[in-house]
Amino acid sequence: MKSIMPSFELKCINTIRALSADQAETAAAGHPGAPMGCAPIAYLLWSEVMKYSSKDPNWMDRDRFVLSNGHACALQYSMLHLTGYDLSIEDLKHFRSIDSKTPGHPESFQTPGVELTTGPLGQGISNAVGLAIAERHLASHFNESDLPIFDHYTYVLCGDGCLQEGISGESGSLAGHLGLGKLIVLYDDNQITIDGDTALSFTEDVLKRYEAYGWHTQTVTDVEETVGSLRKAIETARSVTDKPSIIKIKTIIGYGSPGKQGTKGVHGAPLGKDELRKAKEFYELPPDEMFYVPEDVQNFFNDVAAKGDTKRKDWEDMFSKYSSKFPDKASEISRRMARKLPEGLFDKLPTFKAGKDKDLATRKHSHQILGAIAPNMPELIGGSADLTPSNLTDYDDAVDFQKDTPEGRYIRFGVREHAMVAISNGIFAHGGLRPYCATFLNFAGYCAGAIRLSALSKFGVIFVMTHDSIGLGEDGPTHQPIETLEMLRATPNLNVYRPVKAIPNSSIEKACKGAYVAQDVDNPSLIIIATGSEVGPSLEAASHLSAEGVPTRVVSMPCQEVFLTQPESYQREVLPGNIPTLAVEASAVHGWHRFSHTSVSISTFGMSGPGEKVMKLYGYSAENIAEKGKKLDQFYKDNPVPSLHNHPDPFIVNVRE
């Protein structure tokens, strides 16, 4: 196949191909094939299409680029290096090494210029929907005539695998509904997956599917010969303002490798020394030189980077004019992008007093709190996966974010739990907004992949998960979470709160410590720890026990993770560790060994029936809790009490601290 593109253009593209293949070869691991096939796409994006500044990777009006097929990260690292980001040749040589800036999949917290942590296929393209939502919403609030402060595109590079994952269908459907015209997806259709040719499992007409979603679609078939057709396709996509766009680009995986191009053998393994040498000969580059960048190619990309920096400086001049004309808006933008909360926000929180205020379900308290915060926190944006009447996640005067009302802050995610969380991750990553999203706790299983990436990236997404136990009753075991809380608690960087409705001796300050003494006695001989709805019957059980000669303390523990960050002196004050301790939670037993000697917990699935009756059947009545507490107290009158502080997860190693 003979290229008809200008020789210098081809030289740039071949340099990108070789530089990407060198990374995998040096690491003896990686995915060179996609970068070699997608190099023309990357060349065009970084040299002509995208607006960015390598000197200020966080410039707020930069175009966003998302590598959804994250295994192709060597391509992104090559482009970041060539265009002047803080990513040196030495960094490329340490591809996939510990603590390098070039990890095996893109990590937003590790590499300058990487917007999102991707790798699990389908996540990045779904994150990108959130980025596009954020741009459109902020533009509707802050842009003024001739002063478009937020005016950028979101570009996605994805592969066949991303479009096979169900999450991409969920997010694509919503993006089409919302008419996100500044979202452009470049689909690398190389027809190869790990198993082999996509004919084995993926033969649908992808563009017809996306057309049905409401997207603008195009096909480009000649990027090995010229980037002219792709250039025109992107120009056309940018001109379509009322629909997101997807461009299917036929590529050859591993292009230039004479023995492996077009095969699965080049997908997930280095080329090998001899094959890499032959590829470089085909590229007309020095075959034995690793990480070679011709001087004229580097000079070209230096000029490209300088032009990008000029665009940033022009934007900064515009923002200076904007700040003079609209100082309040400019100040608000700066506050939001710095992720600073509005002053006095927590003073707006309502308080509730047990016995005086109406007894409400915790989700109704949540609704009241949201109603108090939302008017005073304009960056708060979010919604529910078609469970608004149950999750109670709207608020008075909430306006829906829709195609014709981009100023709205309430997102109707539809029955798309997994995409909902991934989209929220993208909204947070964009900056300027604080997303929340909601569903039933049991459906966190649908969201788990995106929740995990949110935690890994340390994003401040708020997950509102209602109907959190067998107490939801008649819907039965399909909807009653058992293992879910422990799955979430086992996830690093994720704080899992299970609050109790208003009880005596509670306060915001106490709850913010993760656990506190909710009811105390002198010289307790038993401690009951409880969470959520189980705190109520535990308080009642403790009163019975104390009256019967078993003085019992009750500890409410809304958040294990936060409690474990408190000073050891406070932890021992609340839970001495040498007093018989019973944990009570309508969930799985796992995890409570750190805090209690035994627990009232569940090791089976739930069942359908009225909630109160199901809870009683499974042992969450005050009577049963008191009985179990009495047995525990009696057991340790005859046996030594093992100190919980003597075995605080001794085999856990945290290499980051």
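State the Cα centre-to-centre distance between segment 221-263 and segment 79-104 in whole Å.
That distance is 26 Å.
Does anyone have the angle between helix 417-430 and the longest principal axis of the chain? Alpha-carbon axes, 0 to 90°, nearest 10?
Relative to the chain, helix 417-430 is tipped by roughly 70 degrees.
Evaluate the charge dipole of segment 7-309 about its Cα centre and quote only its size in Debye, nearest 20, assuming +1 on the Cβ of each Lys and Arg and -1 on the Cβ of each Asp and Glu. Don't skip to the answer; put the middle values down first.
Values: 26 positive and 42 negative charges, 71 e Å.
Value, rounded to 20: 340 debye.
Report the relative contact order of segment 233-367, percent, no decimals, based on alpha-carbon pairs under 8 angstrom and at least 6 residues apart. Display every interim value, and only then the final one.
Details: 51 pairs, mean separation 12.2, N = 135.
With pairs under 8 Å counted, the relative contact order is 9 percent.
Using amide H atoms built 1.01 Å from N in the peptide plane, name the residues 5+ places from Leu380, or on other chains, whose amide H lies under 5 Å from its own.
Here Arg434 satisfy the definition.
Taking the mean number of other Cβ atoms within 10 Å as a proxy for protection, how do you rank 183-192, 491-500 from highest to lowest?
Highest mean packing first, the order is 183-192, 491-500.
Using the heavy atoms of the protein chains and a 1.4 angstrom probe, tell me the accessible area per residue for segment 7-309 in square angstrom. Walk me through the intermediate numbers first.
Values: 10380 Å² over 303 residues.
On a per-residue basis, segment 7-309 sits at 34 Å².
Using a 1.4 Å probe on the protein heavy atoms, what percent of the accessible area of the chain belongs to carbon and sulfur?
51 percent
In whole Hz, with x marking every Gly and Pro, tabulate ³J(HN,Hα) for segment 402-412 from phi via Karplus 6.51 cos²θ - 1.76 cosθ + 1.60, θ = phi - 60°.
Whole-Hz 3J(HN,Hα) from phi for segment 402-412: 9, 3, 9, 9, x, 6, x, 10, 10, 9, 8.
Only Cα pairs under 8 Å and at least 6 apart count here; give the relative contact order of segment 508-638 as a rounded whole percent. Write out the running numbers ahead of the final one.
Numbers: 215 pairs, mean separation 36.7, N = 131.
The normalised contact order for segment 508-638 reaches 28 percent.
Normalised by the residues of the chain, what does the relative contact order come to in percent, with Cα pairs under 8 Å and at least six apart?
Relative contact order here is 12 percent.
Please give the Cα centre distance for segment 1-65 versus segment 408-445, rounded to the nearest Å.
Taking the Cα centre of each part, segment 1-65 and segment 408-445 sit 31 Å apart.
If I measure Cβ to Cβ between cysteines in the chain, which ones have no partner under 4.7 Å?
Cys12, Cys38, Cys73, Cys437, Cys447, Cys512, Cys559
How compact is segment 508-638 by the rule of thumb for globular proteins, expressed as Cα Rg over 2.2 N^0.38 Å?
Compared with the compact-globule rule of thumb, segment 508-638 sits at 1.01.
If you count only protein heavy atoms with a 1.4 Å probe, what accessible area per residue comes out for segment 317-417, rounded to a whole Å²?
Numbers: 5710 Å² over 101 residues.
For segment 317-417, the per-residue accessible area is 57 Å².
Of Lys358/Lys630; Lys55/Lys307; Lys348/Lys513; Lys353/Lys458; Lys55/Lys243, which pairs sit farther than 22 Å apart, going by alpha carbon to alpha carbon? All intermediate terms of the calculation are to be shown ahead of the outcome.
Working: Lys358/Lys630 32 Å; Lys55/Lys307 11 Å; Lys348/Lys513 20 Å; Lys353/Lys458 34 Å; Lys55/Lys243 32 Å.
Exceeds cut-off: Lys358/Lys630; Lys353/Lys458; Lys55/Lys243.
By average Cβ neighbour count within 10 Å, what is the ranking of 90-96, 610-616 from highest down?
Top of the packing list down: 90-96, 610-616.
Whole-Hz Karplus ³J(HN,Hα) for segment 195-208, in order, using 6.51 cos²θ - 1.76 cosθ + 1.60 and θ = phi - 60°, x for Gly and Pro?
Result, rounded to whole Hz: 6, x, 5, 5, 4, 5, 8, 9, 10, 5, 8, 4, 5, 5.
Kirkwood Rh and Cα-based Rg: tell me the resulting Rg over Rh for segment 7-309, rounded to two decimals. Let's see the in-between values first.
Numbers: Rg = 18.2 Å, Rh = 19.2 Å.
My calculation of the ratio gives 0.95.
Using modelled backbone amide H atoms (1.01 Å from N, in-plane), which distant-in-sequence or interchain residues come within less than 5 Å of Arg409's amide H?
Here the answer is Val399, Phe401, since their amide H atoms fall under 5 Å of that of Arg409.
Note the angle between two axes, namely the Cα long axis of helix 535-547 and the longest principal axis of the Cα atoms of the chain, as a number of degrees from 0 to 90, rounded to the nearest 10.
Compared with the principal axis, the helix lies near 30 degrees.
Ignoring everything but the protein chains, give the 1.4 Å probe accessible area of Arg312 in square angstrom, nearest 10.
Counting only protein heavy atoms, Arg312 exposes about 30 Å² to solvent.
With N residues in segment 362-467, what two-decimal value do you get for its Cα radius of gyration over 2.2 N^0.38 Å?
Dividing the Cα radius of gyration by 2.2 N^0.38 Å gives 0.98.
Accessible area per residue for segment 512-657 in Å², computed with a 1.4 Å probe and the full protein assembly in place, what is it?
Details: 7300 Å² over 146 residues.
Dividing the accessible area of segment 512-657 by its residue count gives 50 Å².
Please turn the phi angles of segment 362-367 into ³J(HN,Hα) values with the Karplus equation 6.51 cos²θ - 1.76 cosθ + 1.60 (θ = phi - 60°), one per residue in order, whole Hz, x for glycine and proline.
Each residue's phi maps through the Karplus curve to give 4, 5, 6, 4, 4, 4 Hz.
Using alpha carbons only, how many degrees (0 to 90, rounded to 10) separate the axis of helix 7-27 from the longest principal axis of the chain?
That helix lies at roughly 40 degrees to the long axis.
How do Asp468, Asp357 stack up against each other in accessible area, from largest to smallest, with a 1.4 angstrom probe?
Result, largest first: Asp357, Asp468.
Take every DSSP beta bridge with both residues inside the chain and express the antiparallel ones as a percent of the total, to the nearest 5.
Here the share of antiparallel DSSP bridges comes out near 15 percent.
Beta carbons within 10 angstrom, averaged per residue: use that to sort the peptides 235-244, 544-553, highest first.
Descending mean neighbour count gives 544-553, 235-244.
The values are calculated or read from the model by the stated rules, or taken from the named source; none is laboratory data. This structure is a prediction, so every number in the text was calculated from the model and none was measured. Counting neighbours? That spans all protein chains shown, and the Cβs are built from the backbone with ideal geometry, glycine included. Accessible surface areas use protein heavy atoms only, side chains included; no ligands, DNA or RNA. Shrake-Rupley method; radii C 1.70, N 1.55, O 1.52, S 1.80 Å.
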